[in-house]
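Okay, so here's the structure we're looking at.
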Amino acid sequence: MKILIVEDTNDKMKEIEKQLKIKFKQCEIVETRSYSEGIKNVYKNGWDLIILDMSLPTYTVSHTENGGAKKPMAGSEIIKRMYSRKIYIPTIVITQFDIFGESQISLDSLNQEFEKKYGIIWKGTISYNKQGWQGELADLLEKLKIGA
């Protein structure tokens, strides 16, 4: 089981990993922390599951790189690119926000778009700030039968 996580917040990354390791004892998790790094890794073969944050820095933050401009719709852009390249890997969005971008797109509106246009890829969105998000993730993974 190979899982790609595209997430820039360290604490959130570790919590997601912890939940995935409860469900999948023998999983390989690859961490990416920016839009550009996420795209590069999505194009590699072999993922069984992708976990995406919605808002990401353009580049990975390091001692020489500040991450560039924040991309509030990065997760959506990654899903669109996956679809255009026919990369149909089950993808779950885990986000801390309810409103995105300058146009103030709601999470509900995004979910409707994902379901309508990218349902072959997008399998659900979980609000990280909501109590019980861990159970929602476990239920969604069970429903998807990934790794079964």
Practice prompt. Roll a 1.4 Å probe over the protein heavy atoms and report the accessible area of Phe24 in Å², nearest 10.
Written response: 20 Å²
Response to the item:
Residue by residue through the stretch 85-96, the couplings from Karplus 6.51 cos²θ - 1.76 cosθ + 1.60 with θ = phi - 60°, in Hz, x for Gly and Pro, are 9, 6, 9, 9, 9, x, 10, 10, 9, 10, 10, 9
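Using the Kirkwood radius over C-alpha pairs as Rh, can you work out the diffusion coefficient of the chain via Stokes-Einstein at 20 °C, viscosity 1.002 mPa s, in µm² per second? All intermediate terms of the calculation are to be shown ahead of the outcome.
Numbers: Rh = 15.4 Å.
Roughly 140 µm²/s, to the nearest whole number.
What is the antiparallel percent of DSSP beta bridges lying wholly in the chain, to the nearest 5? Show your work: numbers first, answer last.
Numbers: 4 of 21 bridges.
Counting DSSP beta bridges with both partners in the chain, the antiparallel share is about 20 percent.
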Worksheet item: Hey, what did the chain get for relative contact order, percent, Cα under 8 Å, at least 6 apart?
Response: 21 percent
Response to the item:
Non-local residues with an amide H under 5 Å from the amide H of Gly124, with H modelled 1.01 Å from N and Pro and chain starts lacking one, are Val93
Worksheet item: How much net charge surrounds Tyr43 when only the other residues with a Cβ under 13 Å from the Cβ of Tyr43 are counted, with Lys and Arg +1 and Asp and Glu -1?
Response: +4
Worksheet, complete the sentence: Under 5 Å from the placed amide H of Thr60, counting only residues 5+ away or on other chains, we find Glu37
Worksheet item: Okay, helix-only estimate at 222 nm for the chain: each DSSP H run of n ≥ 4 adds -39500 (n - 2.57), divide by all residues, round to 500 deg cm²/dmol; what do you get?
Response: -12000 deg cm²/dmol
Fill in: Cut-off 18 Å (backbone N to label point 7 Å along Cα→Cβ of Gln96), residues of the stretch 110-148
126-134
Worksheet, complete the sentence: With a Förster distance of 30 angstrom and the Cβ-Cβ distance between Ser84 and Gln134, calculated FRET efficiency to the nearest 0.05 equals 0.40
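The values are calculated or read from the model by the stated rules, or taken from the named source; none is laboratory data. Please read these numbers as outputs of a predicted model, since none were measured by experiment. Here Cβ is always computed from backbone atoms with ideal geometry, including for glycine, and neighbour counts include all displayed protein chains. Each accessible area value is taken on the protein alone, full model and side chains, heavy atoms only, with ligands, DNA and RNA left out. Shrake-Rupley method; radii C 1.70, N 1.55, O 1.52, S 1.80 Å.
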